[in-house]
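For reference, the structure discussed in these notes is given below.
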Amino acid sequence: MKLLVTGGAGFIGSNFVHYALKEHPDWEITNLDKLTYAGNLENLKDIQDQPGYHFVKGDIADRKFVDKLLGQGFDVIVNFAAESHVDRSILDASPFIETNIKGTQILLEGARQYKLGRFIQVSTDEVYGSIDSGRFTEESTLSPNSPYSASKTAADLLCRAYFKTHRLPAIITRCTNNLGPYQFPEKLIPLVITNALEDKPVPVYGDGLNIRDWIFVVDHCRALDVVIQKGQPGEIYNIGGDNEKTNLELIRKLLELLDKPQGLIQFVTDRPAHDRRYALDCAKIATELGWKPAFSFEKALSATVDWYLKNESWWRSIKSGEYSKYYKKMYLER
């Protein structure tokens, strides 16, 4: 099978490329990535010369480029490519519209033109908005509250429309918060880990009681593998870890694992429209496709901390550059 993986140099995308090549040595993967601030070829350095893997630098919002690339012949597109950080979407939503909406539409049109067998749209639980009790199902109303989640919602609806209108075999997956290796340090867990290791303040939005469900990124990759092979076109599959934690609870646990003082916690002004709780009902993917998480939260968190401890040069090189200016603007100046 020939896969075009977009955004494969990012956090989840690079983990998926590693996973897929290991589990399916007969698959051929082309990784298309624009290499923006969060795309890092260091994430794939150990497999860059591996047979069956190819990297192409390019933009999914460039129609001519995408058309030419798809003309090489692919069976499946797995679309990870996205601007994904809520805080950045609050500062400037325009890159989110360009990549998440326009880029997805161009990929869909290319998949239709070249009659690809499957289009996997990797989406997020944030499209549902916030929920006080209970859990979102795949039929729940979409109610995004940030420019980021609104752009992902629009992309999901385009996938639905291409399935309904053109019978394009598109499948949407919506996953909860991921943890694991190669995550850019603006996200909560690597931010806490790396700041704590540098004995810097660990920022906590508001009262820290916002609730998120967490899943190990390898379990997410396992779910995508199942969806690629057995998922039904036109369907949506929620993917979650059933590990609900408040942000403050998670941060305190990380500081404990790192043997760092709880006094590093610094409460900062909450961000606008901060969703209080995300929670997904994942019965559909379990009953229809036979998937369930393999890693406990404790094992996943320990493995994640261990990876950042062993890969200090990776995250220090990132935090010393463009990210340091962003971090100062978003947290230290608030």
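Couplings for the stretch 34-40, taken from phi via the Karplus curve 6.51 cos²θ - 1.76 cosθ + 1.60 with θ = phi - 60°, read 7, 6, 6, 4, 9, x, 9 Hz in order; Gly and Pro are left as x.
Over the stretch 88-158, calculate the relative contact order: mean separation of alpha carbon pairs under 8 Å at least 6 apart, over the residue count, as a percent. Before the final figure, lay out each step's value.
On the way: 54 pairs, mean separation 32.8, N = 71.
This gives 46 percent for the stretch 88-158.
Packing order of peptides 146-159, 80-93, highest average first: 146-159, 80-93 (average count of other Cβ atoms within 10 Å over each peptide's residues).
Name the shape class, rounded, prolate or oblate, that the alpha-carbon gyration tensor gives for the stretch 264-325, where a ≥ b ≥ c are the square roots of its eigenvalues, rounded holds for a/c under 1.5, and otherwise prolate holds if a/b is larger than b/c and oblate otherwise. List each step's numbers first, then the result.
Details: a/c = 2.52, a/b = 1.42, b/c = 1.77.
Verdict is oblate for the stretch 264-325.
Show me the helices of the chain, taken as full DSSP H stretches, that run 27 Å or more along their long axis by Cα and average -1.0 or above in Kyte-Doolittle hydropathy. TM-like helix candidates: 147-166.
Based on the Kirkwood radius over alpha-carbon pairs, what value in µm²/s does the Stokes-Einstein equation return for the translational diffusion coefficient of the chain at 4 °C and 1.567 mPa s? Spell out each step's value before the answer.
Values: Rh = 20.2 Å.
It diffuses with D of about 64 µm²/s by this estimate.
For the pair E28 and V268, the difference between a 0.36 nm per residue extended length and the Cα-Cα distance amounts to 81.8 nm. Taking a ≥ b ≥ c as the square roots of the eigenvalues of the Cα gyration tensor, the stretch 40-90 is oblate, since a/c reaches 1.5 or more and a/b is not larger than b/c.
Among the listed pairs K152/K200; K64/K115; K68/K292; K68/K187, which are separated by more than 29 Å between their Cα atoms?
Working: K152/K200 33 Å; K64/K115 17 Å; K68/K292 38 Å; K68/K187 34 Å.
Table pairs above 29 Å Cα-Cα are K152/K200; K68/K292; K68/K187.
Using a ≥ b ≥ c from the Cα gyration tensor of the stretch 56-152 (square roots of the eigenvalues), is it rounded, prolate or oblate, where a/c under 1.5 gives rounded and otherwise the larger of a/b and b/c decides, a/b for prolate? Cα axes put the stretch 56-152 in the oblate bin. Residue separation of F65 and T246 scaled by 0.36 nm, minus their Cα-Cα distance, works out to 60.9 nm of gained length.
Taking a straight line from the alpha carbon of K310, these lysines sit under 18 Å away, with near neighbours fewer than eight places off in the same chain left out: K45, K260, K299, K319. Residue separation of E198 and A303 scaled by 0.36 nm, minus their Cα-Cα distance, works out to 35.8 nm of gained length.
Every number in this text was worked out from the coordinates using simple rules, so none of it is lab data. Note that the coordinates shown come from a computational prediction; the quantities given were computed from them, not determined experimentally. Quick reminder, even Gly has a Cβ in these numbers, built from the backbone with ideal geometry, and neighbours come from all protein chains shown.
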